[in-house]
1. What percentage of the solvent-accessible surface of region 99-244, computed with a 1.4 Å probe over protein heavy atoms, is contributed by carbon and sulfur atoms?
2. Between helix 254-265 and the chain, what is the angle of the helix's C-alpha long axis to the longest principal axis, kept within 0 to 90° and rounded to the nearest 10?
3. If Lys and Arg each add +1 and Asp and Glu each add -1, what is the summed charge of the other residues whose beta carbon sits under 13 Å from the beta carbon of ARG259?
4. Could you give the distance between the Cα centres of region 27-67 and region 135-168, to the whole Å?
5. Counting only the heavy atoms of the protein chains, how much of THR238 is accessible to a 1.4 Å probe, in Å² to the nearest 10?
6. Rolling a 1.4 angstrom probe over the protein heavy atoms, how many square angstrom per residue are accessible across region 183-248?
7. Need one word for the chain: rounded, prolate or oblate. Basis is the Cα gyration tensor (sqrt eigenvalues a ≥ b ≥ c); a/c below 1.5 gives rounded, then a/b vs b/c decides.
8. Note the angle between two axes, namely the Cα long axis of helix 92-102 and the longest principal axis of the Cα atoms of the chain, as a number of degrees from 0 to 90, rounded to the nearest 10.
Amino acid sequence: MPAAPERAVYWRFPGTALEAMHADFRRHAYPMHAHDTYAFGVTDHGAQSFLCRGERRTSAAGLVMAFNPDDPHDGRAAADSGYRYRMLHIGEDLLRGVLADAAPGAAGLPLFGEPVVDAPHLARALDGLYRAVVGRAPRLAVDERLTTAVLAMTGRAAARRPRLPDRAGSRTDTVALERARRLLRERFTQDVSADELARAAGCSRFALYRGFRAAYGFAPSAYQRDLRLRRAQALLRTGTAPSVAAHEAGFTDQAHLTRWFTRVYGTTPGAYARAAAHSSRSAASAGQGLRGENTRDGTERGPMTA
């Protein structure tokens with residue numbers, strides 16, 4: 001059996017200093033290098049060894065890695081099976097903006113003292129952001145998951161942890177939240193950002209996210225997706241093709257619509273459209289059968305008349 005190819009794949013989220021990568025290596029060894037961004041990652045399989053801050057470190061499956069900007073490190077396999085991992089590169093200004101929004105008054109940029117962290121909840125937060133970037137999720141979903149990942153990482157692994165406002169002191173009034181919800185209803189097919197919603201509500205992105213979930217039971221991005229699904233469902237009932245319905249409802253493509261439609265409604269858009277068309281034809285046939293028929297003398301005879 002031929003050896004699996006050594007490869008790394010990158011994705012960049014448009015308009016931001018946010019990049020995701022996936023690598024699967026057996027023999028590849030990185031020379032000493034550094035990034036000009038924060039680099040957070042998760043080892044998915046095998047183990048990798050790297051020299052960082054004067055010590056040899058090992059990240060096995062399930063462990064989280066955290067590199068500061070300009071942290072020199074190398075990298076190589078630490079297991080016969082090689083190493084497979086995912087990384088997120090986040091620009092300093094982008095990370096600073098998240099912290100300034102969620103924790104006003106936070107001083108300076110955070111530093112991560114340990115390059116390897118054993119914390120499953122951090123791995124889950126990074127996984128959510130990675131999937132949003134790679135899956136070309138709407139900007140609002142990426143903004144939310146970026147905030148979740150940055151706050152999780154800094155709250156658990158940074159040397160100086162940001163102090164977030166307590167819930168009681170950061171409640172957003174219902175009028176402000178309703179302004180944000182109205183904007184989503186009006187522009188749910190568009191790529192609305194968390195900044196736009198926060199401006200509409202007159203509060204921070206973090207306060208909006210927390211208040212919106214508390215008031216409506218949805219994160220703003222989940223509410224936007226729900227509105228898109230409702231629109232697609234309505235279009236499919238009228239006989240619109242799934243590919244057209246996906247575009248008109250604001251989804252990236254038909255595959256994106258299919259994935260979420262199936263998760264929420266338990267069936268594919270195509271199957272739903274066929275069922276709707278069949279129901280319409282059955283209703284039309286039943287209506288014709290109940291309409292009576294004309295006799296030769298012009299009178300009408302109902303369907304149950306002998």
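The values are calculated or read from the model by the stated rules, or taken from the named source; none is laboratory data. All figures in this text were calculated on a predicted structure; none of them were measured in a lab. All Cβ positions, glycine included, derive from the backbone under ideal geometry; neighbour counts span all protein chains shown. Remember, those area values only see protein heavy atoms, side chains included, never the ligands or the DNA or RNA. Shrake-Rupley method; radii C 1.70, N 1.55, O 1.52, S 1.80 Å.
1. The nonpolar share, carbon plus sulfur, comes to 49 percent.
2. So the helix axis and the longest Cα principal axis differ by about 80 degrees.
3. Surrounding charge for ARG259 is +4.
4. First find each Cα centre; the distance between them is then 22 Å.
5. 110 Å²
6. Per residue, region 183-248 has an accessible area of 46 Å².
7. oblate
8. 60 degrees
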